[in-house]
Amino acid sequence: MSDKPTIVFLGPSYPFRGGIASFTERLAREFQTHGFNCLLYTFSLQYPSFLFPGKTQYSSETRPSDLNIFEAVNSINPFNWIRVGREIKRIAPDFIIVRYWLPFMAPAFGTILKIAKQQKKTKVICIADNIIPHEKRPGDRLLTRYFSSAIDGYITMSAKVKGDIEQLGLKKPVQLLHHPLFDHFGKPVDSMMARKELGIVHQGGLLLFFGFIRHYKGLDMLLEAMADERIKEKGLKLVVAGEFYEDQAKYLKLIQQLGLADDIILFNEFIPESRIPFFFSAADVLVQPYRNATQSGVTPLSIYFELPMIVTDAGGLKEMVNDGITGLVVEKNPLSIANGIVEYFEKGKNFYAPAILAQKKTYAWPVMANGIISFWELLKRKRNAK
């Protein structure tokens, strides 16, 4: 084992796809530049296929050659949890960073962490994406409490999640550190070049809805807003780029009922990292019409590509949008969303661009890494004071 301080990352990374996996890999690279030895413990089985709503759980990208990734965790096999826990216990890392986004993972992660901590050296820091899930199920709170019993402290990326931790009475130290910008997907490109790359012939105003599609993300409200006559008169079109995690038939039916067949450009697929720059460069504005939210990895992605946003006043979304300056915050209903779209295009993208460029400089990966290191040192001091 290296003399460098060691971090074990517990949660999704390659070969699994998605924002959490991308975040984990990027954060591990940042810690490597800080002199840490990083070991990424990802899944051998993340979700049984019958529980996964998408087309595939796996990335189509090339395996990272600069990261130590171990496909180790089987989310539904208790014997595996014991083995992985013992393996991490033998490594005795200085601290573990675990991601928590769904109570389904609580038994596996909680058990692994309880065993891994038995050597009394390792601190466990949870980066909490969600504590109270968007789609609630019986037993969620019980599972989260089991998981939390293995945690020494929480990092949250929105005040909403911080409040949820307090609401559940999880008496652990909490540090708020905002989501850094994904900066490893390439640079913005010319808008018309991006549209050509995507096969979009429309040259007028273009809105973007990005990410997997579930009820809480409010795509139906955005479609109803797009039917507003003021928006139709402006000749605006909406790109929907993301995989349906629920029945797409109701959305297709709604598009037909609203007479939007010519106004919606649908990419029903998981967008690979190599294609992300084209979507954010092609659009004039990102719209996040969520019904409820903690935070979203799409928001910092939009800031990185210098694309202003229209977001609803849901959860942590509004924390990263300076209303009227870097974008607009609207209420969670179709009329308010439509009003926001009209207001945005009356001022134009260039009105918001200077402020969002300045905002871009404030969400950096070193800030996140240094914040976690300081939090780890705080947790160590608390232990030594006992």
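The values are calculated or read from the model by the stated rules, or taken from the named source; none is laboratory data. Please read all numbers here as calculations on a predicted model, not as lab measurements. Cβ sites come from the backbone with ideal geometry, for glycine too, and all protein chains shown count toward neighbours.
Among the candidates Ala293, Ala225, Ala283, single out the residue that is within 22 Å of the chain's Cα centre (by Cα), among the small types (Gly, Ala, Ser) and at pLDDT 95 or above. Can you show your working first?
Details: Ala293 fails: at pLDDT 95 or above; Ala225 fails: within 22 Å of the chain's Cα centre (by Cα).
Criteria check complete, one pass: Ala283.
Just for the range 116-163: of the residues that are acidic (Asp, Glu) and surrounded by fewer than 21 Cβ atoms within 10 Å (Cβ to Cβ), which one is nearest to Ile213 (Cα to Cα)?
Our first condition is that a residue be acidic (Asp, Glu); within the range 116-163, this holds for 129, 135, 140, 152.
Checking the rest, the ones that are also surrounded by fewer than 21 Cβ atoms within 10 Å (Cβ to Cβ) come to 135, 140.
Working: Glu135: 13, Asp140: 22 Å.
Only one residue fits best here, namely Glu135.
From Gly315, Gly324, Gly371, grab the single residue that is without any contact (Cβ under 8 Å) to a residue 60 or more places away in the chain and small (Gly, Ala, Ser). Break it down into steps so the answer makes sense when it comes.
Values: Gly315 fails: without any contact (Cβ under 8 Å) to a residue 60 or more places away in the chain; Gly371 fails: without any contact (Cβ under 8 Å) to a residue 60 or more places away in the chain.
One residue alone meets the criteria, Gly324.
Here is a yes/no grid of residues against (1) touching a residue at least 60 places away in the same chain (Cβ under 8 Å); (2) over 18 Å from Gly242 (Cβ atoms):
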{"site": "Phe182", "(1), (2)": "yes, no"}
{"site": "Pro188", "(1), (2)": "yes, yes"}
{"site": "Ser191", "(1), (2)": "yes, yes"}
{"site": "Ala194", "(1), (2)": "yes, no"}
{"site": "Gln203", "(1), (2)": "no, yes"}
{"site": "Phe209", "(1), (2)": "yes, no"}
{"site": "Leu222", "(1), (2)": "yes, no"}
Within the range 143-155, identify whether any single residue is touching a strand residue (DSSP E or B) at 6+ places or on another chain (Cβ under 9 Å), closer than 23 Å to Val321 by Cβ and touching a residue at least 60 places away in the same chain (Cβ under 8 Å), and answer yes or no. yes
Specify which of the listed residues (Ile372, Ile356, Ile325) is at pLDDT 90 or above, assigned to a helix (DSSP H, G or I), under 25 Å from the mean Cα position of the chain (by Cα) and of a type in the set (A, V, I, L, M, F, W, C). Ile372
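Do we find a residue being at positive phi and not hydrophobic (A, V, I, L, M, F, W, C) anywhere in the range 272-291?
To start, the set of residues in the range 272-291 that are at positive phi comprises none.
Checked the range 272-291: no residue is at positive phi and not hydrophobic (A, V, I, L, M, F, W, C).
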Can you find a residue that is on the phi > 0 side of the Ramachandran plot, in contact with a helix residue (DSSP H, G or I) (Cβ under 9 Å, 6 or more places away or on another chain) and assigned by TED's automatic domain parsing to the domain that holds Glu224 anywhere in the range 330-337? no
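Tell me the residue from Leu51, Leu113, Leu40 that is closer than 25 Å to Gly211 by Cβ, at pLDDT 90 or above and not polar (S, T, N, Q), please.
Details: Leu51 fails: at pLDDT 90 or above; Leu113 fails: closer than 25 Å to Gly211 by Cβ.
Within the list Leu51, Leu113, Leu40, the selection yields Leu40.
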Options Arg86, Arg63, Arg90: the member that is basic (Lys, Arg), at pLDDT 95 or above, surrounded by fewer than 18 Cβ atoms within 10 Å (Cβ to Cβ) and within 24 Å of Gln32 (Cβ to Cβ): Arg90
Can you say whether Ala293 is touching a residue at least 60 places away in the same chain (Cβ under 8 Å), assigned to a loop (DSSP other than H, G, I, E, B), buried (at least 20 other Cβ atoms within 10 Å of the Cβ) and not polar (S, T, N, Q), as far as the supplied structure shows? yes
Looking only at helices (runs of 4 or more DSSP H) that fall completely inside the range 217-272, which ones have 2 or more residues that are surrounded by fewer than 19 Cβ atoms within 10 Å (Cβ to Cβ) and of a type in the set (A, V, I, L, M, F, W, C)? 249-257
Of those in the range 273-282 that are of a type outside the set (A, V, I, L, M) and closer than 18 Å to Met193 by Cβ, the residue surrounded by the fewest Cβ atoms within 10 Å (Cβ to Cβ) is Ser274
